[in-house]
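**Student:** This is the structure I want to talk about, given as structure tokens.
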Amino acid sequence: MRIIGTVGLPGSGKGEAAAVAREEELPVVTMGDVIREETRRRGLDPSEHHGEIAQQLREEEGETAIADRCIPMVREAAEEQDGEPVVLVDGLRSMAEVERFVDAFGEDFLLVSIEAPFDLRAKRLGDRGREATDLDREKLREREERELGFGMGEVIDAADLTIHNDDSLERFREQVRAVLERGTTDIDDEAHQ
Ligand SMILES: Nc1ncnc2c1ncn2[C@@H]1O[C@H](COP(=O)(O)OP(=O)(O)OP(=O)(O)O)[C@@H](O)[C@H]1O
């Protein structure tokens with residue numbers, strides 16, 4: 001079994017990595033979706049109350065509240081697969097969450113940091129244009145300082161593997177496939193010719 005958790009600053013490529021996994025028909029558990037679901041369950045609109053509910057969940061159930069909800073979903077997704085199960089977990093943000101996954105899956109858990117320079121991420125988010133903040137470099141800087149302040153910097157430092165997403169999208173997707181298939185960022189060039 002291989003459980004791959006991704007961490008990365010906004011625009012680094014986590015969503016693309018999840019898209020690659022889905023294309024390979026591998027299950028993806030998105031920590032943000034767990035929060036969105038809980039927000040809806042409380043009768044609130046996730047686009048407005050996402051951050052507030054994430055905070056409330058942590059206050060009510062402790063800092064691993066979201067990880068605790070994801071772990072049974074990951075197990076279930078792994079059990080449903082034939083052959084060697086591989087599950088991608090999108091969006092780890094703190095060491096408490098990483099430790100929870102290591103407790104649950106031990107050596108089968110692989111933490112992967114996705115990294116790209118600020119300018120490249122700002123440009124990609126600008127092109128993506130999903131959120132108004134994506135277009136504003138100052139807002140992006142604030143957002144990532146907040147994320148780093150919540151402990152994401154430590155998670156990035158603790159990663160088992162790093163994918164540098166500073167080349168073409170195709171190259172990045174190939175590296176993601178290598179991690180999903182073999183647990184390494186090494187691309188076997190011959191095999192992909
Ligand atoms: N190597 C690349 N070359 C060109 N475009 C890329 C590359 N990697 C990612 N992108 C594009 O950059 C944008 C941001 O990537 P993505 O959505 O995967 O980031 P993310 O880490 O999920 O960000 P967030 O945390 O804000 O959701 C997307 O439109 C994606 O398609």
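The values are calculated or read from the model by the stated rules, or taken from the named source; none is laboratory data. Computed from a prediction, not measured in an experiment: that's the story for all the values here. For neighbour counting, all protein chains shown are included, and Cβ atoms are generated from backbone atoms with ideal geometry for every residue, glycine included. To get the accessible areas, we keep the full protein, side chains included, count just its heavy atoms, and leave off ligands, DNA and RNA. Shrake-Rupley method; radii C 1.70, N 1.55, O 1.52, S 1.80 Å.
**Student:** Got a sec? Which helices (runs of 4 or more DSSP H) wholly within the stretch 1-93 have at least 2 residues that are free of Cβ contacts under 8 Å to residues at least 24 places away in the same chain, among the basic types (Lys, Arg) and away from the ligand (no atom under 16 Å from the Cβ)?
**Tutor:** Per the criteria, 31-41.
So that you can scan it fast, the table gives a plain yes or no per residue for (1) in contact with a His (Cβ under 8 Å, 6 or more places away or on another chain); (2) open to solvent by 70 Å² or more (accessible area, probe 1.4 Å); (3) under 17 Å from residue 33 (Cα atoms):
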| site | (1), (2), (3) |
| --- | --- |
| 52 | no, yes, yes |
| 68 | no, no, yes |
| 89 | no, no, yes |
| 93 | no, yes, yes |
| 109 | no, no, no |
| 115 | yes, no, no |
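**Student:** Does residue 63 meet the test of being more than 24 Å from residue 163 (Cα to Cα) and open to solvent by 30 Å² or more (accessible area, probe 1.4 Å)?
**Tutor:** Here the answer is yes, as residue 63 does meet what is asked.
**Student:** List the number of the failed condition for residue 166; all other conditions in (1) open to solvent by less than 70 Å² (accessible area, probe 1.4 Å); (2) in contact (Cβ under 8 Å) with a residue 24 or more places away in the chain hold.
**Tutor:** Condition not satisfied by residue 166: (1).
**Student:** While we're on this one: For the stretch 58-89, which positions are under 24 Å from residue 186 (Cα atoms) and either at pLDDT 95 or above or in contact with an Asp or Glu (Cβ under 7 Å, 6 or more places away or on another chain) (or both)?
**Tutor:** Once the filter is applied, which keeps residues that are under 24 Å from residue 186 (Cα atoms) and either at pLDDT 95 or above or in contact with an Asp or Glu (Cβ under 7 Å, 6 or more places away or on another chain) (or both), the stretch 58-89 yields 85, 86, 87, 88, 89.
**Student:** Next up: Across the stretch 105-121, what is the total count of residues that are more than 10 Å from the ligand (Cβ to nearest atom) and more than 30 Å from residue 75 (Cβ to Cβ)?
**Tutor:** Of the residues in the stretch 105-121, 3 are more than 10 Å from the ligand (Cβ to nearest atom) and more than 30 Å from residue 75 (Cβ to Cβ).
**Student:** Among the residues of the stretch 141-154, which ones are over 20 Å from residue 125 (Cβ atoms) and either surrounded by fewer than 13 Cβ atoms within 10 Å (Cβ to Cβ) or modelled with pLDDT of 95 or more (or both)?
**Tutor:** 154, the sole residue that qualifies.
**Student:** Hey, another quick one. What are the residues in the stretch 33-45 that are open to solvent by 20 Å² or more (accessible area, probe 1.4 Å) and not acidic (Asp, Glu), if any?
**Tutor:** Listed by number, the residues that qualify are 36, 40, 41, 42, 43, 44.
**Student:** Looking at this structure, is residue 26 surrounded by 17 or more Cβ atoms within 10 Å (Cβ to Cβ), more than 27 Å from residue 153 (Cα to Cα) and at pLDDT 90 or above?
**Tutor:** yes
**Student:** If only one of 124, 128 is of a type in the set (D, E, K, R) and modelled with pLDDT of 90 or more, which one is it? First the steps, then the outcome.
**Tutor:** On the way: 128 fails: modelled with pLDDT of 90 or more.
Exactly one residue qualifies, and that residue is 124.
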